[in-house]
Structure formats: C-alpha cells, structure tokens
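Heads up: the structure comes next, in structure tokens.
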Amino acid sequence: MKREAILSRRQMLTRAAMGGAALGLAGCDRLSNATGSRSVLDAAENLTRGAQRALLAPRDALAPEYGPADLSPGFKPNGSVDPDDPDYVQARDEHFVNWKLGIGGLVDKPTQLSLADLRQLPARAQITRHDCVEGWSCIGKWKGAPLGPILTAAGLKPSARYIAFYCADTLEQTLDGTGQYYETIDLVDAFHPQTILAYDMNDEPLPVAHGAPLRLRVERQLGYKMAKYVMRIEAIESFDKMGRGRGGFWEDRGYEWYAGI
Amino acid sequence: MSVSASEISPNVGAPHSDGRRIIYRHTLLVRATHWINALCFVLLLMSGLQIFNAHPALYWGAQSTFDKPLLALTAQQGSDDSIQGVTTIFGKSFTTTGILGASRDESGQLTERGFPSWMTIPSYQDLATGRRWHFFFAWLLVLNGVVYVTNLFARRHLKDFLPSGRELRAIPASIREHARLRFPRGDEALHYNVLQKLAYLSVIVALPLLVLAGLTMSPAIDAAFPWLVTLFGGRQAARTIHFIMAFYLVGFVIVHIVMVLISGFLNNMISMITGRYAIEEGRREA
Ligand code: HEM
C-alpha cells in the first residue's frame, strides 16, 4: 500500500517535471517568434557592439595574423560557391577582363575600377583566421587593396554612414529579389587597416568558390560579413530600404548586423 | 549553479522544543543571484547546443581540421532507407541513433541533428535565433556573476569555500560519510563540508573559464586581447574547452540537484527561497 503511494507520488513528480520541461520548451519556441520578446533578445546585440567597440576603439586593434605554416590545407568555401546568375557567368567566362567594380552612392567622384586598376593600387597581404558563424575556422592568405584609401579617393560625402556591397550571387530564389547577396559595414570597419578588397587567395587569383574576382575581408567579424563576388560599392546613409532592411542577406534572415562574436 | 555563499550566523534562533534550530543561511542577494544563475545556465546550455548543431564537431588548435575532429556527431545512411546517428570521439565511432547524430523531429521522422530537439532552444534548427538567446543570457549571466562575486569578496565569504589542510586530509572520511548518506547535523551543519567546499569552489573557477573561452571565440575580442587565443591554445581549442566546461557544469548541476533532493529537499528549497534553514540538533544517527 505505502509503497504504491510513494511510487505514484514519484511518478506524479516525474510527469510534472517532464510536462513542465515540455511547456518550457514550447514557451521558448513561442518567445523566439513573438516580436516583443524578440526585440528584447535582440537588444543584446547593441550591448555587444557597444562593449566590443569600446574595447577596440583606442587602438584600432588588428586581428591576429598567422604564418605561412598555419594555412589551412582545405579552406572550406561556404554560401554561394558557383553562382549561375547570367551576368556573372558571362564575366567569369571572360576571365573578368571586362569586369569593373563600381564605386558610387554618397561620394563626390563615382568611379569604376577594373581588376588591373585594383592590382595597381598599394596592396596589403595578410594571413588571417576566418571564423564562420556555424562554428568552424580556417586560415588563409589574402592580398588586396585596402578599402579606406579607395573611399578617401572617391571622397565620402558627410552624410555617408555605411558602405554597402552589392554581390553577383543570388543565394536564395525569391519573388521580390531579396535573395541577392549584399552586406553593409560601418565606417569604423571600412577604414580599418585590415579591411581589404581581396583579389588573391593563398598567392593565387581568388577562386570562384571563394568569391572571384573580388571579395571583402573584415577581419574582426564573422565570415558572413565578408561579401564575395562584389560588383558594386556604395556609400549610404541608411540600409533601411535595401533588401529586407536589416543590412545584409543573413541579417535579413535573423543574424546580427554586428557580427563581432 | 548554486554557488551559495553561506550567511551562517549560529546565533540566529535558539533551538526549538522539537530539537530543530532555524538559522538564517542565505542573504537575499545570494538567493536572487542563485536563481538568476540557474535560469541563465539552462537557457545558455540549450541555446549553446543549438549553436553546436550548426557544425556538430570539435577540434583542437587555431583552426578546424575537418578530417580529424576530436568529437563529431554525424548521420550515416543505414543499410535500408533509414539513417543512423554516429558519434565519433578520438576516431572511435559509436551508434547513437535517436539521441546524438540523428534523432526524431516533430513529425517523428529520423533526421540528421547533433543534439536532439528537446535539448535545444529553439527546438527546431535555427542558428540565428539560438545565437540571440545565447548572447542575451550570456550578458545576464555575466552581470549576475559580477554582482555575486563582488558580494563574495566584499563580505569576505570566499573563505566559506576554502578548505583547511585538516579538512583536505579528511576527504576520504567525508566521502565515506556521503556514501552512507549521512548528512551533518547540529553545529557541523553550520558550515559546508570539505566536499561541498571543493565542488562549489570548482564552479567559482569553471564559470569564469567558460565565459572567457566563450569570449575567445569572438574575432573582435581576439583583436583586442590576442593573448586570450594563445592562452586557450587557439580559437577551436577555446570552442572545445567551452563545450567541456559546459558539460562539467552539467555534471555539477546533476550532483547538486541529487544532493538537494536527498539531504532534505523541502528544507533546502525553503532556505534558498526564504533564507531560513532548519538544523537538526543532536548526534547523527545511522
Ligand atoms: C558570457 C558567457 C558566454 C559566452 C560569451 C558564450 C559564447 C559562446 C559562443 C561565441 C559560442 C559559439 C561557438 C561557435 O561558434 O560554435 C558558444 C557556444 C556554446 N555555448 Fe556559450 N557562451 C557563454 C556561456 C555559456 C554557458 C554558461 C554555457 C553552458 C551552460 C554555454 C554553452 C555553450 C555550448 C554548449 C555551446 C555550443 C558549442 C560550443 O561552442 O562549445 N555557454 N558560446
């Protein structure tokens, strides 16, 4: 008699605990989607950006650089690896000889730069660690033209607050065209010495899988900020009207605009 | 984690006629930080496992050596149409279908998944949202921890967790007592015993380490403090240490909860809610 009573009490407690856990999990799913709780969760991003920028600001600190012995034998390409957008396919088949990088938006002197033009500019080479938001890391050598001097030459208007990168690849098929890859960074990152437009990877021309002919490197943030297949750069005041308004392809799909962690 | 700094003042409350004495054991600050910590721990663990599922493999060193993971949770095609969950640790593989590598989704279908959906926040695969939860509660955990540790030092409570040499020599005896489920009574119950001290102390060390390893995975933090990556042996090593520390704390929490259950569940819960703890007077019995 007594034993049964204890058992059923134990069963009751176990059931209550399991029921509670299931309710909790369902609650977390619900909170993940409700706009109110979502904006509370998302507030942490501003805290992280503020704190990390405060730690980095006084020193324009550089991301760690590695030696040639550290290069990854198989640097993993991610996202688009072989875009089939017709304009891109044509440029690729012409080995990018007619390809030009457009620079415009809120600048005094809009320009166009060919690959040869870019290669003539002062270059920076760096061996850095690429951290994917998924969790893995690879080390690669990048050579390219620092973005800061290019923007200075184009003459940023005072209203410019962000730099936008328009890419050749459609990563998701959508009806409204918001599946086209794009990214935005602020001027702190745009003028950081390690922020370069890379045309070489591991001492070879940038392969298609890694963003040929030109990709962005923003070494103090995660991989999705480093737009590949860059076609056009614009200085802008706000990214509200681009894509779905969150400042990038992955940002439009819930990821943080500030990807410092 | 109940890193409960004891506010033990033996003078509170004289023995009751029934041989019990009520003492004031935990201050409001300790009780509040304890429960906030417990909430953060559960949510950080579950959102962390969601993040882990985006690339369910761990490595050592600076980068991912994809063909030589320390740990990998994968799915393989079985002989028929079904898939099998496979866990690989140090090159040795085990079938773990249903829990690790492959488990059932809402519709009951076996799908490729590192940890199963009942262990992750959200329950479905969504790295972006998992990260939002993780970093929100990481901030709360850190702010809560700063309050707790400041109080720990300001009130000189760290010594409550530091065992004396005599206590350390008595560890085997204490283990025997625990194994017989004999718990201290009377004045002995006014202080943590040596095993409790060591367990709580290890958490006071492990949690900051876990946080530091988490911060080391940030490329921005690595630019600001490059020595952090060196300290942990590389970013992927930091990720592995983050994972191991998280599961060390899971182990602590399980033992902690079992001890709370068997050493007077109601009394313990009441003391962590109201601060008041009842001590049985007299000699311990078998
Ligand atoms: C301030 C506190 C914390 C920070 C800054 C932090 C940071 C991070 C970061 C950046 C990741 C992503 C790793 C990746 O890219 O794959 C991560 C993953 C994870 N976190 Fe945390 N975390 C914190 C606290 C915790 C706590 C308290 C727990 C445990 C309960 C935890 C458990 C996990 C787990 C299990 C993962 C997934 C795999 C791994 O990287 O180990 N985290 N955390």
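Brief remarks on what is shown
- Gaussian network model of chain A, Cα within-10 Å springs - most flexible of A:Ala235, A:Ala22, A:Ala116: A:Ala22
- Prolate/oblate/rounded call for the range A:62-253, Cα gyration tensor, a/c under 1.5 rounded: rounded
- Legend: mean number of C-beta atoms from other chains within 10 angstrom of residue C-beta atoms, peptide B:135-141, equals 4.
- Taken residue by residue and averaged, Cβ atoms of other chains lying within 10 Å of the Cβ of B:66-77 number 1.
- Residue order, fewest to most beta carbons within 10 Å, for B:Ile121, B:Ile99, B:Ile262: B:Ile262, B:Ile99, B:Ile121
- The mean number of Cβ atoms from other chains found within 10 Å of a Cβ in peptide A:26-35 is 4, as a whole number.
- Extension gain for A:Lys241-A:Arg38 works out to 70.9 nm (0.36 nm per residue, less the C-alpha to C-alpha distance).
- Built amide H within the under 5 Å cut-off of B:Val86, gap 5+: B:Thr74, B:Ala75, B:Gln76, B:Thr96, B:Ala102
- Proxy reagent accessibility, fewest Cβ within 10 Å first, across A:Val97, B:Val42: A:Val97, B:Val42
- Modelled label positions at B:Glu281 and A:Ala209, each set 7 Å beyond Cα in the direction of Cβ, lie 7.8 nm from each other.
- Whether the range B:57-114 is rounded, prolate or oblate, judged on the alpha carbon gyration tensor where a/c under 1.5 counts as rounded: prolate
- At R0 = 22 Å, FRET efficiency that the Cβ-Cβ distance of B:Asp80 and B:Trp118 yields, to 0.05: 0.25
- Residue-span extension gain [B:Leu261 to B:His191] - 0.36 nm each, minus C-alpha spacing: 23.3 nm
- Inter-site label distance for A:Asp186 and A:Thr14 at 7 Å from Cα along Cβ, in nm: 5.3
- Working from the Cα coordinates of the range B:25-123, the gyration tensor eigenvalues give, after taking √(5λ), semi-axes of 32, 19, 10 Å in decreasing order.
- Rounded to the nearest 0.05, the FRET efficiency derived from the C-beta distance between A:Leu171 and B:Arg176 at R0 = 45 Å is 0.10.
- Averaging the sequence gap over all C-alpha pairs within less than 8 Å and six or more residues apart, then dividing by the number of residues, gives chain B a relative contact order of 24 percent.
- Residues A:Glu204, A:Glu134 arranged by fewest to most Cβ contacts within 10 Å: A:Glu204, A:Glu134
- Each peptide in A:151-158, A:101-108, B:53-60 receives the mean, over its residues, of other Cβ atoms within 10 Å, and ordering these scores from highest gives B:53-60, A:101-108, A:151-158.
- Radius, Kirkwood style, for the range A:71-164 when every pair of distinct Cα atoms is counted (Å): 16.1
- A Förster radius of 45 Å combined with the Cβ-Cβ distance from B:Ser202 to A:Ala123 puts the calculated FRET efficiency at roughly 0.35.
- Relative contact order of the range B:57-114, pairs being alpha-carbon contacts under 8 Å that are 6 or more residues apart, as %: 26
- Of all segments of chain B bounded by GluC sites (Glu not before Pro) found in a DSSP loop with no more than 15 other C-beta atoms within 10 Å, the longest spans B:107-280.
- Average Cα contact separation per residue, chain A, under 8 Å, 6 or more apart, as relative contact order %: 19
- For chain A, lysine pairs with C-alpha atoms less than 29 angstrom apart, excluding pairs fewer than eight positions apart on the same chain, total 27.
- Largest first, the three principal axis extents of the alpha carbons in the protein assembly as shown are 95, 60, 46 Å in whole numbers.
- Inverse of mean 1/r across different Cα pairs in chain B, Kirkwood, Å: 21.5
- Here each label is just a point 7 Å from Cα along the line to Cβ, and for B:Ala154 and A:Leu23 those points are 3.6 nm apart.
Readers should treat all values here as calculations from the given coordinates under stated rules, not as data from a laboratory. None of these values were measured; they are calculated from a predicted model. FYI the Cβ positions are ideal-geometry reconstructions off the backbone, even for glycines, and counts take in every protein chain you see.
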